[in-house]
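Chemist: Dropping a structure here in structure tokens format, bear with me for questions.
The values are calculated or read from the model by the stated rules, or taken from the named source; none is laboratory data. The structure presented is a predicted model; accordingly, all values stated were derived computationally and were not measured. Methodologically, a virtual Cβ is constructed for each residue, glycine included, from the backbone with ideal geometry; neighbour enumeration extends over all protein chains shown. Only protein heavy atoms, including side chains, enter the accessible area calculation; ligands, DNA and RNA are left aside. Shrake-Rupley method; radii C 1.70, N 1.55, O 1.52, S 1.80 Å.
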There are 2 protein chains.
Amino acid sequence: MSRRAATIVDVAKRAGVSRTTASDALRGHGRVSEGTRVAVEQAAAELGYRPNTAARSLRAATTGTIGIHLPEAMTRIDYYLQTVYGALEQAGADEVDVTVITSRRLAGEQPPPSVDGIILLDPLADDPVAERLLALDLPIVTLERAFGEVATGVVSADHEGAIRELLDHLASRGSAAPAFLASPAVTDWGTRAQVVYSAWCREQRIQPTIVERPFGSDSAAYAEATREVLAARPQTDAFLCGPDGSAIVVADVLQDAGRVVGEDVLVAAMVDSPALAYTDPPVTAVDLAPRAAGALCVELLVRIIRGEARPDASVPLPIEVRYRASTLGR
Amino acid sequence: MSRRAATIVDVAKRAGVSRTTASDALRGHGRVSEGTRVAVEQAAAELGYRPNTAARSLRAATTGTIGIHLPEAMTRIDYYLQTVYGALEQAGADEVDVTVITSRRLAGEQPPPSVDGIILLDPLADDPVAERLLALDLPIVTLERAFGEVATGVVSADHEGAIRELLDHLASRGSAAPAFLASPAVTDWGTRAQVVYSAWCREQRIQPTIVERPFGSDSAAYAEATREVLAARPQTDAFLCGPDGSAIVVADVLQDAGRVVGEDVLVAAMVDSPALAYTDPPVTAVDLAPRAAGALCVELLVRIIRGEARPDASVPLPIEVRYRASTLGR
DNA sequence: TTGAAAGCGCTAACAT
DNA sequence: ATGTTAGCGCTTTCAA
């Protein structure tokens with residue numbers, strides 16, 4: 001566009017100083033005198049000077065950019081997109097850019113983008129993309145899953161505690177046979193949920209009822225899963241809903257089947273969303289604080305990159321159960 | 001990490017050729033012989049060579065990265081996040097990286113990230129961030145809003161047609177007094193919706209009923225807006241719901257008020273979402289195809305950057321009304 | 001307090 | 001078919 005962008009040499013020339021001085025002045029290094037600093041800044045403003053980040057990166061051998069990756073299957077799930085946005089906001093505060101790394105971007109022979117570090121959101125077990133990124137030998141922060149072989153920073157929540165809290169709550173509200181609509185054990189979160197549910201059932205001497213649907217399933221799949229449970233185990237008196245967006249469908253199917261949610265059947269979701277506070281009835285859910293999760297990941301990664309935190313540092317993510325009418329009754 | 005990353009000189013040395021030859025071999029330029037190509041590729045693989053993008057950018061005076069910006073207020077809205085993801089996917093296919101530009105990133109004195117072009121998603125009127133980005137004098141593509149002063153590529157849908165289709169449909173289903181829960185006229189979409197609704201009411205000699213809530217309002221705000229309309233105009237027999245996520249709340253409030261959605265009151269949404277197909281009843285809505293929107297923006301921007309499309313090219317986005325029980329009856 | 005020079009890694013232009 | 005040279009814009013020595 002227009003003509004060539006102004007470089008630091010142009011600025012220096014206009015201010016009548018050397019490029020070194022111009023550079024120092026613009027970055028506020030102490031060595032320049034106040035007068036020259038002002039002159040250089042004015043020259044820069046007049047020319048609309050913007051530092052060339054490529055040149056800076058080349059010189060500094062760092063990019064000022066971090067990458068964030070989430071598994072392909074998760075890109076339609078509101079929770080993860082919120083997490084990405086939380087990360088973007090924090091990145092703005094930490095003055096780093098963020099490149100979102102899609103699976104597709106790494107599928108072919110394309111080299112991975114140049115970044116100073118990488119965030120992996122709840123990486124799948126054996127995800128080839130995650131493996132490739134781990135092999136890059138860069139600072140890494142994962143949400144939830146830690147990889148044994150590589151030292152990574154980890155942000156993780158006490159999902160076990162939250163799910164147990166939900167199950168105990170269902171039991172205390174009179175449920176004797178809570179079923180679990182589960183996400184597959186391919187993410188760490190999915191795995192831990194299944195483990196906790198099974199353990200809890202064992203402790204309570206309750207027969208577990210698990211029905212599983214892949215990540216990214218559509219509403220119809222969850223509806224069908226619900227009907228499947230109702231047919232197989234009619235005595236089911238509560239549903240623990242794993243997948244984001246599934247609770248609303250489960251509640252709908254139950255109501256169509258003549259059950260009264262919150263009264264003769266309870267529904268609790270493992271992933272809260274704004275909609276769940278306004279369904280009829282509102283649905284009890286775990287607020288996974290996705291924005292905070294993303295922000296914490298960035299904060300930790302930036303500290304690792306800057307050498308202010310150990311590469312295997314670990315940060316807790318506070319999460320909380322929101323109790324609503326679907327388990328409390330009307 | 002580990003030791004210094006391999007450069008092209010290391011590769012060249014190992015393959016016993018000059019760096020130019022190594023460079024040409026790796027990028028498949030015809031000048032190298034098959035034998036050397038193989039040798040260079042093997043050397044690169046052995047060293048785990050990855051081209052330094054900063055150096056490439058500096059040399060080529062392009063970054064291989066595009067920026068995408070959406071207004072701060074929109075970052076909690078599923079529709080926009082889906083759009084961003086549609087863009088990311090297409091970017092993967094076009095082999096460009098994407099940096100998401102948050103408002104915060106540009107709020108302070110930080111220089112804008114270096115990119116080859118920018119996508120502005122439904123920019124707000126007088127958004128200072130958008131203004132700054134427009135002033136960068138880079139190729140730009142906007143979703144919906146065209147700016148008079150600057151030549152930008154534009155991706156836009158026939159919202160007027162879709163909204164008229166909805167309103168005609170409501171009328172044909174017997175509505176004589178449809179109310180409009182509107183988004184503010186700060187986005188192009190919001191503005192056009194209000195204009196169309198008003199025009200349609202005038203043509204039909206129907207008194208318009210508009211209640212407006214800011215972008216990013218929570219469910220409670222939509223609930224209150226609904227009650228406000230019911231109180232002010234009890235004869236209201238249909239709701240056109242603008243904000244993403246509002247229809248589910250409106251339907252809920254109506255049902256609490258003893259109305260039967262789909263029978264004695266109709267509900268239609270201007271923004272479809274997966275949940276709307278599974279509420280009770282399912283809600284008629286306009287499928288705005290956010291993924292496609294994002295993808296089209298990237299595709300157009302990349303063509304403009306490559307000089308394959310005019311900088312003010314315009315691309316239509318197909319959208320479609322999904323008819324469901326909230327207006328069709330049970 | 002300031003300047004000159006070197007070099008980050010890469011590729012296009014110009015030899016050979 | 002391959003090699004040599006120059007230079008993209010910046011910052012960091014080193015010297016004055």
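Chemist: Cβ-Cβ distance below 6 Å, separation of 6 or more or different chains: which pairs start in segment A:45-66 with a residue that is closer than 14 Å to B:Pro111 by Cβ and end on one that is within 6 Å of DNA strand D (Cβ to nearest atom)?
Modeler: If the second residue must be within 6 Å of DNA strand D (Cβ to nearest atom), the pairs left are A:Ala54/B:Leu58; A:Ala55/B:Leu58.
Chemist: Name the strands (runs of 3 or more DSSP E) wholly inside segment B:246-330 in which the number of residues that are more than 12 Å from chain A (Cβ to nearest Cβ), at pLDDT 95 or above and open to solvent by 30 Å² or more (accessible area, probe 1.4 Å) is 1 or more.
Modeler: Those strands (runs of 3 or more DSSP E) span B:284-287, B:314-317, B:320-322.
Chemist: Of the conditions (1) free of Cβ contacts under 8 Å to residues at least 60 places away in the same chain; (2) polar (S, T, N, Q); (3) out of contact with any strand residue (DSSP E or B) (no Cβ under 8 Å at 6 or more places or on another chain), B:Ser114 fails just one. Which one is it?
Modeler: B:Ser114 satisfies all of (1) free of Cβ contacts under 8 Å to residues at least 60 places away in the same chain; (2) polar (S, T, N, Q); (3) out of contact with any strand residue (DSSP E or B) (no Cβ under 8 Å at 6 or more places or on another chain) except (3).
Chemist: Hey, B:Ser33 hits all of (1) more than 9 Å from chain A (Cβ to nearest Cβ); (2) free of Cβ contacts under 8 Å to residues at least 12 places away in the same chain; (3) within 11 Å of DNA strand C (Cβ to nearest atom); (4) not aliphatic (A, V, I, L, M) but one; which does it fall short on?
Modeler: Exception for B:Ser33: condition (3).
Chemist: A further question follows. Return only the number of the condition from (1) more than 12 Å from DNA strand C (Cβ to nearest atom); (2) on the phi > 0 side of the Ramachandran plot that A:Ala61 does not satisfy.
Modeler: If we test A:Ala61 against (1) more than 12 Å from DNA strand C (Cβ to nearest atom); (2) on the phi > 0 side of the Ramachandran plot, just (1) comes out false.
Chemist: In addition: Could you tell me whether any residue of segment A:190-209 is among the aliphatic types (A, V, I, L, M), part of a strand (DSSP E or B) and more than 30 Å from A:Arg303 (Cα to Cα)?
Modeler: no
Chemist: Which of the residues that make up segment B:54-73 are away from DNA strand D (no atom under 13 Å from the Cβ) and surrounded by fewer than 21 Cβ atoms within 10 Å (Cβ to Cβ)?
Modeler: Hits for segment B:54-73 are B:Gly64, B:Glu72, B:Ala73.
Chemist: Find the residue count for segment A:54-92, including only residues that are assigned to a helix (DSSP H, G or I) and either under 13 Å from the mean Cα position of the chain (by Cα) or more than 7 Å from chain B (Cβ to nearest Cβ) (or both).
Modeler: 20
Chemist: Any idea which residue in segment B:102-139 is farthest from the chain's Cα centre (by Cα), counting only those that are at positive phi and away from chain A (no Cβ under 13 Å)?
Modeler: B:Asp126
Chemist: Residues in segment B:180-193: is at least one over 27 Å from B:Tyr80 (Cα atoms) and of a type in the set (Val, Ile, Thr)?
Modeler: The answer is no, given that none of the residues of segment B:180-193 is over 27 Å from B:Tyr80 (Cα atoms) and of a type in the set (Val, Ile, Thr).
Chemist: Could you count how many residues in segment B:226-245 are away from chain A (no Cβ under 14 Å) and acidic (Asp, Glu)?
Modeler: Residues meeting the conditions: 2.
Chemist: Follow-up. Within the group B:Thr142, B:Thr99, which residue is within 14 Å of another protein chain (Cβ to nearest Cβ) and in a strand (DSSP E or B)?
Modeler: B:Thr99
Chemist: Within segment B:36-52, can you find the residues that are more than 8 Å from DNA strand C (Cβ to nearest atom) and within 14 Å of chain A (Cβ to nearest Cβ)?
Modeler: Matches in segment B:36-52: B:Glu41, B:Ala44, B:Ala45, B:Leu47, B:Gly48.
Chemist: Here is a further query. Condition first: part of a helix (DSSP H, G or I), open to solvent by less than 40 Å² (accessible area, probe 1.4 Å) and either modelled with pLDDT under 90 or near DNA strand D (Cβ under 8 Å from one of its atoms) (or both). Now tell me which residues in segment B:22-53 satisfy that.
Modeler: Hits for segment B:22-53 are B:Ala22, B:Asp24, B:Ala25.
Chemist: It is to be established whether one or more residues within segment A:163-180 are touching a Pro at 6+ places or on another chain (Cβ under 7 Å) and part of a helix (DSSP H, G or I).
Modeler: Yes, there is a match, as at least one residue in segment A:163-180 is touching a Pro at 6+ places or on another chain (Cβ under 7 Å) and part of a helix (DSSP H, G or I).
Chemist: Can you pull out every residue in segment B:227-245 that is open to solvent by 30 Å² or more (accessible area, probe 1.4 Å) and under 30 Å from the mean Cα position of the chain (by Cα)?
Modeler: Once the filter is applied, which keeps residues that are open to solvent by 30 Å² or more (accessible area, probe 1.4 Å) and under 30 Å from the mean Cα position of the chain (by Cα), segment B:227-245 yields B:Asp244, B:Gly245.
Chemist: Any idea which residue in segment A:1-21 is surrounded by the most Cβ atoms within 10 Å (Cβ to Cβ), counting only those that are more than 10 Å from DNA strand D (Cβ to nearest atom) and within 14 Å of another protein chain (Cβ to nearest Cβ)?
Modeler: A:Met1
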